[in-house]
Amino acid sequence: MNKFLTLACAGVMALTVWASPARAGDFDPEHKVVIQVSENDPQTWKIALNNAVNMQKDYGMDNVAVEVVAYGPGLGILTAKSPEAARVVSLSKQDIHFTACGNTMKKVERKTGKAPVLSEGVSVTPAGVVRIIELQEQGYAYIRP
């Protein structure tokens, strides 16, 4: 009976550690990079996405955190109508994070009467430039293609 109780307790403890919300926050890669996209230029968009993919290839997915932050004219990269929309969706499923500027989205909505439709997997931050600063304060390197 003691062996059973010991094994049961060990199993519960292991499950508790594995299921702990802190586990997701334990990811602290050696390399962290934020890529700014603020231009309405499909060639620049391709370069930004290529940079993100190349960093994952070179460092390994477990060794690098990559976030692409788009604002101003660069917001187009993260919209469902973008020529890069399918690639953004695919890369978001491969641990590349995409963040759209809420300020830019509000401005577009005021001008056009419609909020931009973002690609699947894109999150929104109140201000893109503030998000970049926050990430740099967390040790992220800054890249602007």
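Things to note:
- Considering (1) out of contact with any Gly (no Cβ under 7 Å at 6 or more places or on another chain); (2) hydrophobic (A, V, I, L, M, F, W, C); (3) farther than 15 Å from residue 125 by Cβ, the lone condition that residue 78 does not fulfil carries the number (3).
- Set side by side, the residues 99, 112, 125 differ, and just one is of a type in the set (S, T, N, Q), free of Cβ contacts under 8 Å to residues at least 12 places away in the same chain and farther than 17 Å from residue 56 by Cα, which is 112.
- When residues in the range 46-90 are screened for being open to solvent by less than 10 Å² (accessible area, probe 1.4 Å), of a type outside the set (Gly, Ala, Ser) and in a helix (DSSP H, G or I), 5 of them pass.
- Test: residue in the range 95-105 that is within 18 Å of residue 29 (Cα to Cα) and not in a strand (DSSP E or B): yes
- Residues that are among the small types (Gly, Ala, Ser) and buried (at least 19 other Cβ atoms within 10 Å of the Cβ) within the range 91-109 comprise just one, 100.
- Residue list for the range 28-73, filter: among the acidic types (Asp, Glu) and either modelled with pLDDT under 95 or farther than 19 Å from residue 119 by Cβ (or both): 28, 30, 58, 62
- Of residues in the range 110-123 being buried (at least 16 other Cβ atoms within 10 Å of the Cβ) and aliphatic (A, V, I, L, M), the one nearest to the chain's Cα centre (by Cα): 122
The values are calculated or read from the model by the stated rules, or taken from the named source; none is laboratory data. Owing to the predicted nature of the structure, the values given are computational and were not obtained by experimental measurement. A quick note on method: Cβ atoms are made from the backbone with ideal geometry, for glycine too, and the neighbour counts reach across all protein chains shown. Please note that ligands, DNA and RNA were not included when accessible areas were found on the heavy atoms of the full protein model with its side chains. Shrake-Rupley method; radii C 1.70, N 1.55, O 1.52, S 1.80 Å.
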